[in-house]
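Reading through the structure tokens given below for one structure.
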Amino acid sequence: MSKLSYSIAGELFAKYPGYVRGVVLGYELENCPSPDELIELLREAEASVRTRMSIENVAEHPRIKSWREAYRAFGAKPSEFRSSIEAMSRRALRNEPLPSINALVDIGNVASLRHLVPVGGHALDDVKQDLALRPAVGDEVFIPFDSDECESPLSGEIIFVEGKTVLTRRWTWRQARHTLTLLSTHAIEFNVDGLPPVERAEVEQICVEVGEMIHRFCGGRWRYDVLSPDQPSIEIGEV
């Protein structure tokens, strides 16, 4: 793929002090159905959630609560739109195992549940325009991964985009069909989102874990960067 930029709007760092986003980039990958070893890691990660919270107090866990407060700040009701980590945690607490999709998807879910942070993967194979995390204008286009219906985000909603194409609505809520991680995926980027009390050092640790799992189960090459107020933009492309 050609060299592209990946940026976060400065107003997000101003409005959400302490926020950082780790970006893990993997190339020349051979995605595959998850082997038993990786599925076992997923089950262990689910079980770890049940040792740290209960279904009665999930919304008050500091790593869930911070996302609920962030959602309220940009106008999304957290009881109606749950961050990915809250939705996954609630599923684990109900003893509903996540389905094994493929190795790359499962790697993201393992890391997310282990650390109780949103970790979302996007295939880069067909990405042609710059990527950005920013407030929506309202004229962007979003097609959910499980639908054919085209919709637009609300003005001010935090979105992850390729040009005008929305890849994720409401920061860490729902992913689009475009950039879904498939068995045919050979290049990927994982977003590792850290809101306080999660600190940059842990985000970096998670990035390393994700990169090592990518190499272990899918081969290829990987690297990571952290987007922060000091470095709001990076270049993505070949490692």
In region 1-20, what residues are part of a helix (DSSP H, G or I) and open to solvent by less than 40 Å² (accessible area, probe 1.4 Å)? Leu12, Phe13
Specify the residue that is most open to solvent (accessible area, probe 1.4 Å); the eligible residues are those in region 71-98 that are touching a residue at least 60 places away in the same chain (Cβ under 8 Å) and farther than 16 Å from Val117 by Cβ. Gly75
Val23 being open to solvent by 30 Å² or more (accessible area, probe 1.4 Å), among the β-branched types (Val, Ile, Thr) and under 19 Å from the mean Cα position of the chain (by Cα): no
Report every pair of residues separated by at least 6 positions or lying on different chains whose Cβ atoms are under 8 Å apart, first residue within region 214-239 and at positive phi, second among the small types (Gly, Ala, Ser) and exposed (fewer than 14 other Cβ atoms within 10 Å of the Cβ). Gly237/Ser2
Take the conditions under 25 Å from Pro17 (Cα atoms), within 14 Å of the chain's Cα centre (by Cα) and part of a loop (DSSP other than H, G, I, E, B) and apply them to Thr181. Does it pass? no
Within region 99-126, residues being part of a loop (DSSP other than H, G, I, E, B), open to solvent by 10 Å² or more (accessible area, probe 1.4 Å) and in contact with a helix residue (DSSP H, G or I) (Cβ under 6 Å, 6 or more places away or on another chain) number 1
Scanning region 135-175 residue by residue, those crowded, with 17+ Cβ neighbours inside 10 Å and in contact (Cβ under 8 Å) with a residue 60 or more places away in the chain turn out to be Pro135, Glu157, Ile158, Arg170, Trp171, Thr172, Trp173
Number of positions in region 198-221 that are open to solvent by 70 Å² or more (accessible area, probe 1.4 Å) and under 21 Å from Pro118 (Cβ atoms): 5
Pairs, first closer than 14 Å to Ser184 by Cβ in region 15-37, second open to solvent by 10 Å² or more (accessible area, probe 1.4 Å) and assigned to a strand (DSSP E or B), C-beta under 7 Å, six or more apart: Glu28/Arg221
For region 197-231, enumerate the residues that are closer than 30 Å to Glu60 by Cα and part of a loop (DSSP other than H, G, I, E, B). Pro197, Val198, Glu199, Pro229
Contact list, first residue from region 176-189 and within 20 Å of Pro144 (Cβ to Cβ) and among the hydrophobic types (A, V, I, L, M, F, W, C), second anywhere and assigned to a loop (DSSP other than H, G, I, E, B) and open to solvent by 80 Å² or more (accessible area, probe 1.4 Å), beta-carbon distance below 8 Å, six or more apart or interchain, is Ala176/Phe145; Leu180/Phe145
I need a count of the residues in region 45-70 that are open to solvent by 80 Å² or more (accessible area, probe 1.4 Å) and either in contact (Cβ under 8 Å) with a residue 24 or more places away in the chain or not in a helix (DSSP H, G or I) (or both). 4
Would it be correct to say that Val161 is of a type outside the set (Ser, Thr, Tyr), part of a helix (DSSP H, G or I) and at pLDDT 95 or above? no
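The values are calculated or read from the model by the stated rules, or taken from the named source; none is laboratory data. Treat the numbers as computed from the prediction; the structure is a model and nothing was measured. FYI the Cβ positions are ideal-geometry reconstructions off the backbone, even for glycines, and counts take in every protein chain you see. Keep in mind that these areas ignore ligands, DNA and RNA; they rest on the heavy atoms of the full protein, side chains included. Shrake-Rupley method; radii C 1.70, N 1.55, O 1.52, S 1.80 Å.
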